[in-house]
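Below is one structure, written out as structure tokens; the observations come after it.
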Amino acid sequence: MPVQPSRPLEPKQRAIVVGASSGLGAALVSTLAQKGVLVAAVARRREQLEAVCTPFENARPYVHDVTNYEEVPALFQQIVSDLDGLDLIIYCAGIQPAVALDEYDFQKDRAMMETNVIGAMAWLNEAALRFHRAQRGHIVGISSIAGDRGRAAFPGYHTSKAALSTFLESLRNRLAKRGVTVTTIKPGFVDTVLLENAPKTFWVVSPDDAAQRIVAAIEKREQTVYVIGRWRWVMLIIRHVPSFIFRRTSI
Amino acid sequence: MQDKQYNVDELGMPQLSVALSKELKRFDGRLEDVPAWGGASSGMGWVFRPINTDQLAEVFAIAHKTDLSIGLRGGGNSYGDAAYNSNGIVLDLCRFNRVLDWNPETGVIRAEPGLTIHQLWEYTVEDGWWPPVATGTAKTTLGGCAAMNVHGKNAFKVGPIGDHILEFDLMLPSGEIITCRRNENSDIFFAAIGGFGMLGCFTSITLQMKRVYSGLLDVVALASTDLSVMFEQFRALLPTSDYLVGWVDGVASGNGLGRGQIHKANYLEKGVDPYPEQSLRVDNQNLGDTIFGIVPRSIIWQGMRLFTNNYGLRAANLGKYAVSYATSGSKIRQPHAQFHFLLDYVPNWKKSYGGGGLIQYQPFIPRDSAENAFKTILRTTQRHDLPTYLGVLKRHRPDAFLMTHGLDGFSLALDFRITQANRQRIVRMVRELDEIVLDAGGRFYPAKDSTLRPSVATAYLGADTIARFRELKQRYDPDSVLQTNLWRRVFMTP
């Protein structure tokens with residue numbers, strides 16, 4: 001039984017935000033909820049999550065750890081039933097533990113892959129099946145400019161974001177024919193906890209600003225979006241720097 | 001939203017049945033987005049298409065096991081959300097469609113619920129029997145017709161289809177099958193017919209067909225210069241008509257408000273048709289593939305797009321009215337199928353309304369207040385600049401079914417085109433129309449509905465009737481297994 005049975009002529013937008021307890025995810029929940037979207041906010045940390053949802057009548061918290069893959073189909077089903085359908089899913093969960101330049105830590109790399117990639121596959125596959133059948137819907141993954149090139153600083157993080165970007169690209173190529181939009185968001189530096197471990201930052205945007213830009217891009221059904229936009233041109237150059245030069249730089 | 005806290009156990013983990021979701025994974029292939037016939041809404045569910053009672057019982061067992069609800073679906077011709085069940089099972093009965101028994105002497109047929117009206121008339125017509133009640137499309141199923149207690153253009157004379165159902169078998173959500181007649185399990189007989197699939201699933205329906213002595217009808221078309229004239233014509237013609245239906249031009253205003261055309265049809269008496277065995281042949285009933293001998297009917301809807309806007313509509317209606325005026329009084333002999341199934345005449349005509357689809361609003365209003373109420377309704381739609389694209393006037397009679405829409409009065413079916421931009425305006429307008437209908441003592445019809453609010457349903461049905469229906473549902477479907485979006489929207493919302 002849905003929380004509010006839907007009315008045929010008064011459809012509400014329904015969205016899931018995974019990784020919603022802080023940072024960009026929390027800002028996305030607020031931005032969407034303010035626009036009247038029914039939002040299911042999914043995250044591990046219950047107290048933060050509740051604080052994010054409390055101001056809004058139309059945001060609903062669901063406590064879940066994205067690495068608990070077994071649970072995803074059941075929770076997805078529960079949410080879709082509560083919202084009486086689904087139009088949009090944003091996968092926003094991501095971690096970036098501190099890694100020293102001479103540190104090669106399997107556990108950290110594995111944790112990043114599990115949260116940033118495998119969790120995304122668990123959630124987005126559920127939505128993809130549904131949207132494929134419905135021939136509509138919108139999948140959004142928060143990847144990163146870090147996925148565009150493997151830098152020296154964070155091997156595991158770069159790998160996880162590159163994998164996520166490629167996964168999203170494949171979904172897009174599968175689902176575009178079915179009328180489903182897949183948007184890859186590539187933020188630069190957003191002022192969240194992830195930034196604590198970044199050595200040097202610039203062009204930093206606040207989570208709220210980033211969320212506004214992302215929601216605007218979603219509404220325009222864009223495919224790949226850099227936040228902020230000028231990163232597109234920077235990354236275009238960086239992607240084309242030959243390896244024999246790249247490995248000698250400190251980028 | 002109430003109940004904001006998601007259920008979690010002491011460890012903070014959601015209380016989900018992972019086993020249950022694994023069970024559901026088996027049915028991934030069955031996920032379908034099931035549309036409203038009007039195309040303005042849809043709901044995604046797991047679609048099962050059983051072919052017999054064993055498979056039907058299996059689906060009920062799956063519902064119990066997975067804790068999913070079941071929405072029953074026949075031909076899927078309900079305009080709104082009466083035949084889909086989002087996030088639950090949709091039991092599509094189209095393959096459960098055998099004729100179980102047919103007696104060409106008495107005209108009594110017993111069939112499974114998925115049999116369409118098309119399949120039904122094709123089966124019986126050459127023996128000289130026609131469905132007692134025929135919907136505007138032949139794609140409806142017997143089960144759907146019974147669940148909605150549909151009516152035809154002869155509703156004033158023969159009532160809804162329920163008045164011709166002699167008996168039915170109903171599978172309850174427990175899997176038990178009960179037989180219902182007027183004098184056996186009569187409370188369910190009068191509640192399941194017109195109970196929009198909320199008490200059980202028909203597994204067989206026994207119907208008394210109508211004897212006809214020709215495959216043709218005498219049809220007379222008359223122009224009506226305004227709605228008052230149309231009402232007068234109805235009153236004058238009803239006693240001598242077998243069928244009577246009026247087309248109302250929704251854009252005509254002022255002195256021409258509600259102008260249009262009526263069609264009166266009569267059966268041919270025994271002996272009038274010299275070659276009944278010819279005219280009753282299926283081949284001679286069916287619509288051809290082309291009009292004027294050359295234009296394929298399958299492409300007409302594309303041309304109709306030109307007229308599905310307020311300006312094109314004005315032009316089309318004016319042209320249609322002018323032709324009806326010029327030819328008023330003309331008589332033709334028309335096969336039953338061509339007269340009845342107007343909605344099938346142009347395949348896919350609803351596509352001409354564009355991606356947003358259409359809804360229908362069909363109020364039923366008592367005899368004496370109908371004319372004024374319909375005039376007020378037409379004026380209201382014009383004031384909102386949302387004129388109806390198709391208006392159809394019919395006469396009805398009361399019946400004994402619990403959740404009935406029937407009454408001693410008239411109905412006016414109004415089609416509205418839906419677009420992204422006009423949804424909110426339509427909703428606001430319908431709220432006004434609801435008031436007009438309720439003030440006039442009117443009723444509504446779930447098969448056509450997309451907008452009914454719980455308070456309006458209570459007002460027209462009466463709290464006692466709804467309580468009585470709930471009591472039956474509680475008795476025969478205690479776990480509320482049978483649900484549709486319409487049921488949740490109108491009867492499960494405070």
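The values are calculated or read from the model by the stated rules, or taken from the named source; none is laboratory data. All values derive from a computational prediction rather than experimental measurement. So basically every Cβ, Gly included, is an ideal-geometry build from the backbone, and we count neighbours across all protein chains shown. Side chains are part of the model used for accessible areas, which takes the heavy atoms of the whole protein and leaves out ligands, DNA and RNA. Shrake-Rupley method; radii C 1.70, N 1.55, O 1.52, S 1.80 Å.
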Exercise. May I ask you to say which residue of A:Leu88, A:Leu75 is closer than 26 Å to B:Gln483 by Cβ, touching a residue at least 24 places away in the same chain (Cβ under 8 Å), more than 14 Å from chain B (Cβ to nearest Cβ) and not aromatic (Phe, Trp, Tyr)?
Key: A:Leu88
Quiz item: Has the range B:42-52 got at least one residue that is under 21 Å from A:Gln135 (Cα atoms) and open to solvent by 20 Å² or more (accessible area, probe 1.4 Å)?
Solution: yes
Practice problem: Could you list, in sequence order, all residues of the range B:300-331 that are aromatic (Phe, Trp, Tyr) and closer than 11 Å to B:Asp249 by Cα? | Solution: B:Tyr321
Quiz prompt | Answer residue from the range B:25-34, given it is facing another protein chain (nearest Cβ under 7 Å) and within 32 Å of the chain's Cα centre (by Cα) and is least open to solvent (accessible area, probe 1.4 Å) among those | solution = B:Leu31
Practice problem: Examine the range A:162-172 for a residue that is assigned to a loop (DSSP other than H, G, I, E, B) and open to solvent by 20 Å² or more (accessible area, probe 1.4 Å), and state whether such a residue exists. | Solution: no
Quiz item: Could you say whether any residue in the range B:477-490 is open to solvent by 40 Å² or more (accessible area, probe 1.4 Å), under 30 Å from B:Thr66 (Cα atoms) and not assigned by TED's automatic domain parsing to the domain that holds B:Gly197?
Solution: yes
Exercise. Among the residues of the range B:262-288, write down those that are of a type in the set (Gly, Ala, Ser) and assigned to a loop (DSSP other than H, G, I, E, B).
Key: B:Gly271, B:Gly288
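Each row is one residue, and each column tells you yes or no for (1) surrounded by 16 or more Cβ atoms within 10 Å (Cβ to Cβ); (2) in contact with a Cys (Cβ under 9 Å, 6 or more places away or on another chain); (3) among the polar types (S, T, N, Q); (4) farther than 21 Å from A:Thr192 by Cβ.
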| residue | (1), (2), (3), (4) |
| --- | --- |
| A:Ala93 | yes, no, no, no |
| A:Asn116 | yes, no, yes, no |
| A:Trp123 | yes, no, no, no |
| A:Ala127 | yes, no, no, yes |
| A:Phe131 | yes, no, no, yes |
Quiz item: How many of the residues making up the range B:431-459 are open to solvent by 20 Å² or more (accessible area, probe 1.4 Å) and β-branched (Val, Ile, Thr)?
Solution: 3
Exercise. Name the single residue, out of those in the range A:1-59 being within 12 Å of chain B (Cβ to nearest Cβ), within 21 Å of A:Glu114 (Cβ to Cβ) and crowded, with 21+ Cβ neighbours inside 10 Å, that is farthest from the chain's Cα centre (by Cα).
Key: A:Leu49
Quiz item: Does at least one position in the range B:478-490 carry a residue that is away from every other protein chain (no Cβ under 13 Å) and of a type in the set (Asp, Glu)?
Solution: no
Quiz item: Taking the range A:173-199 as the search range and keeping residues that are among the hydrophobic types (A, V, I, L, M, F, W, C) and within 14 Å of the chain's Cα centre (by Cα), which one is most open to solvent (accessible area, probe 1.4 Å)?
Solution: A:Leu194
Quiz prompt | Checklist (1) part of a helix (DSSP H, G or I); (2) over 24 Å from A:Pro2 (Cβ atoms); (3) within 9 Å of another protein chain (Cβ to nearest Cβ) applied to A:Asp65, failing item | solution = (1)
Quiz prompt | Residue match in the range B:409-430 (condition: aliphatic (A, V, I, L, M), without any contact (Cβ under 8 Å) to a residue 60 or more places away in the chain, surrounded by 17 or more Cβ atoms within 10 Å (Cβ to Cβ) and farther than 26 Å from A:Lys12 by Cβ) | solution = yes
